[in-house]
Amino acid sequence: MLKVAGSIIIVTASIGIAQTIRKELAEHLRLLYELRKLLVDIAYAAFESMQPVEILLGCFIRTRDERLNRLCKEIAERLIEKKEGTGEEVWRSVFAEYRKGLQLNDEEAEVIESAGSAFFGKSVDENRKHLSLALERLDFLIETARGEQKEKQKVYGTVSVLCGLMLVILLV
Amino acid sequence: MASKEFRIEQSFSVEKSSPVDKIFQWERIFQWERIFPLHIRESLCMDEYLQDLEEIRIRVGQPMEFIHSTGSTYLKDGLYRVTVQDVAEMVNYISNYSLYAYKEELKQGYITLEGGHRVGMAGGAVMEGGQLVGISPVTFLNIRVAHEKKGCACGLLPYICREEGIYNTLFFSEPGAGKTTLLRDCIRLLSDGAYDGAGMKVCVVDERSEIAACHIGVPQNDLGIRTDVLCGCAKPAGIQMLLRAMSPQVLAVDELGSEADFVAVEQAVYSGCRVLGTIHAGDIAELREKPCLSEWIKRGVFQRYIGIRREKDGTRRYQIFDAQMECLC
């Protein structure tokens, strides 16, 4: 009886682990989409309203991800403080600080950190060119992440359930 | 049945507000030293630089000059020379890291800061099709510190106001004598009803943002409680729009110059609206010579002309003329 109960717990736990991993991968993909939307929103608001980035990030731009909202406010505050020489430096340093919390890998972090050049240029045209480049790179990362997500979900799901079953067999 | 009394209690929590929370607060005090590079900011705390400050001149390769009402001082006694990097960094700060947002202002050669301070820029002109579209690189800056002289127009109100409203009035002087300052105070006083207690609806077309010194659409100067401002718009189009949309009793415009300005003002005058304006002219004789004005003078479109002269000691003297150019005082 005890073995049966133990087996059920182990199988349930392994399914749980597989679900958690799946959820994390989906969350990560959602974050990348949210970051993409953030870039587009800032650019659109900047081109439409012609307001400085500190106003846009401080007052108007909101995302569904609370971490990104905090990050935007932090950038706005740092821009208002005017302690770094360029806006890109501010953008890069704040994203570098939030990188761990956002769980971005090296490649993703590099793309996002360099995307600041799309908002602090001398003209709208310059910003547009940088933005299209940043979006292109981000789209490629999203595609890669989607491909990986499908593969990883299968692998992690299978491995964790098999491990659970192995333990059950060992126990029995 | 006894009525129940409901007591509404409000609780106020005192929180430390972040810089972002203050973006749209009118009271936000602009820390103008923030437009300077970090290594210069500390030096700027000295009273020697800030006392009676009127302008700060920044020129690449030259010492930073602080112009006071009594003379000039130089940063670190003139030992420090401004570098190209310093100016580039300042331009970043002045434009809030967003030069694209100030494209139109840059075409005019200036950016207005919070608090109404104005930064004039010069350097390499960028031309497109014979038109100036920007300045790059910026190598010269002139920061004009805003001074609101509240109450400077009090003595003029009896000459401007009449039983029903005001006379159409034109302020004239040479550049830098204080036309805009005087116009601004007139607007404030009329809007607040300082003369007879009945305030008037005043609309301002602030093409170069010199009257209200709008920053993100919010006037940085006090223009009174009944004043509406349209900033960054050409005067003819702005006057038309305000006449249609805001039903002004008084319309104020700065620096009338082009023929289109005069046509628009005339339309406003004949639409039942009173006009306050300014124009560049050294004296009344110069004013008479202005081609667009001579016709107006004949027809008595404006009933008051107020000349401003700056004396050597910085005080202002005013001369008031009526519609026939007769000196009233």
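Could you identify the single residue in B:114, B:128 that is in contact (Cβ under 8 Å) with a residue 60 or more places away in the chain, within 14 Å of chain A (Cβ to nearest Cβ) and farther than 30 Å from residue B:197 by Cβ? Write out each step before concluding.
Working: B:128 fails: in contact (Cβ under 8 Å) with a residue 60 or more places away in the chain.
Criteria check complete, one pass: B:114.
Listed here are the residues, each with its yes/no results for (1) of a type outside the set (D, E, K, R); (2) touching a strand residue (DSSP E or B) at 6+ places or on another chain (Cβ under 7 Å).
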residue: B:246; (1), (2): yes, yes
residue: B:251; (1), (2): yes, yes
residue: B:260; (1), (2): yes, no
residue: B:270; (1), (2): yes, no
residue: B:279; (1), (2): yes, yes
residue: B:283; (1), (2): no, yes
residue: B:286; (1), (2): no, no
residue: B:289; (1), (2): no, no
residue: B:293; (1), (2): yes, no
*asked:* Pairs please, first residue from the range B:89-111 and touching a residue at least 40 places away in the same chain (Cβ under 8 Å) and more than 9 Å from chain A (Cβ to nearest Cβ), second anywhere and of a type in the set (Val, Ile, Thr) and in a helix (DSSP H, G or I), Cβ atoms under 6 Å, 6+ apart in sequence or on different chains.
replied: B:90/B:35; B:94/B:35
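Only residues that are buried (at least 16 other Cβ atoms within 10 Å of the Cβ) and not basic (Lys, Arg): list them for the range B:288-318, please.
Start the filter on the range B:288-318 by keeping residues that are buried (at least 16 other Cβ atoms within 10 Å of the Cβ), which leaves B:290, B:292-293, B:296-297, B:301-308, B:318.
Residues satisfying the conditions are B:292, B:293, B:296, B:297, B:301, B:302, B:303, B:305, B:306, B:307, B:308, B:318.
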*asked:* I'd like to know if the range B:273-287 contains one or more residues that are exposed (fewer than 14 other Cβ atoms within 10 Å of the Cβ) and within 21 Å of residue B:153 (Cβ to Cβ).
replied: yes
_All positions within the range A:119-133 that are among the polar types (S, T, N, Q) and within 13 Å of chain B (Cβ to nearest Cβ)_ = A:123, A:127
*Quick one: in the range B:137-174, which of the residues that are within 21 Å of residue B:208 (Cα to Cα) and among the hydroxyl-bearing types (Ser, Thr, Tyr) is farthest from the chain's Cα centre (by Cα)?*
B:169
*Got at least one residue in the range A:133-151 being farther than 18 Å from residue A:39 by Cβ and not in a helix (DSSP H, G or I)?*
no
*Tell me, yes or no, whether the range A:98-118 has at least one residue that is within 9 Å of chain B (Cβ to nearest Cβ) and of a type in the set (A, V, I, L, M, F, W, C).*
no
*Residue list for the range A:18-54, restricted to those being small (Gly, Ala, Ser) and within 20 Å of residue A:87 (Cβ to Cβ)*: A:43, A:45, A:46, A:49
_Single match in A:34, A:74 (criterion: out of contact with any Phe, Trp or Tyr (no Cβ under 6 Å at 6 or more places or on another chain), among the charged types (D, E, K, R) and away from chain B (no Cβ under 11 Å))_ = A:34
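Might you check whether a residue that is within 13 Å of chain B (Cβ to nearest Cβ), at negative phi and crowded, with 17+ Cβ neighbours inside 10 Å occurs anywhere in the range A:12-25? Reasoning before the result, please.
Of the residues in the range A:12-25, the ones within 13 Å of chain B (Cβ to nearest Cβ) are none.
No.
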*Do you know which residues across the range A:53-94 are surrounded by fewer than 19 Cβ atoms within 10 Å (Cβ to Cβ) and hydrophobic (A, V, I, L, M, F, W, C)?*
A:59, A:60
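Mind telling me which of the residues B:27, B:33 ends up being out of contact with any strand residue (DSSP E or B) (no Cβ under 7 Å at 6 or more places or on another chain), at pLDDT below 80, surrounded by 11 or more Cβ atoms within 10 Å (Cβ to Cβ) and closer than 18 Å to residue B:220 by Cβ? Show your work before the answer.
Numbers: B:27 fails: surrounded by 11 or more Cβ atoms within 10 Å (Cβ to Cβ).
Within the list B:27, B:33, the selection yields B:33.
For the range B:44-53, state whether one or more residues are more than 29 Å from residue A:89 (Cα to Cα), more than 14 Å from every other protein chain (Cβ to nearest Cβ) and modelled with pLDDT of 90 or more. Walk me through how you get there before you give the answer.
So the first thing to find is which residues in the range B:44-53 are more than 29 Å from residue A:89 (Cα to Cα), and the list is B:46-53.
Restricting the remaining residues to those that are more than 14 Å from every other protein chain (Cβ to nearest Cβ) gives B:46-53.
Checking the rest, the ones that are also modelled with pLDDT of 90 or more come to none.
No, the range B:44-53 has no match at all.
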*Residue within the range A:81-94 that is part of a helix (DSSP H, G or I), farther than 24 Å from residue A:47 by Cβ and either touching a strand residue (DSSP E or B) at 6+ places or on another chain (Cβ under 9 Å) or of a type outside the set (D, E, K, R) (or both) present*: yes
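The values are calculated or read from the model by the stated rules, or taken from the named source; none is laboratory data. Keep in mind it's a predicted model, so treat the numbers as computed, not measured. Positions of Cβ are backbone-derived with ideal geometry, glycine not excepted, and every protein chain shown enters the neighbour counts.
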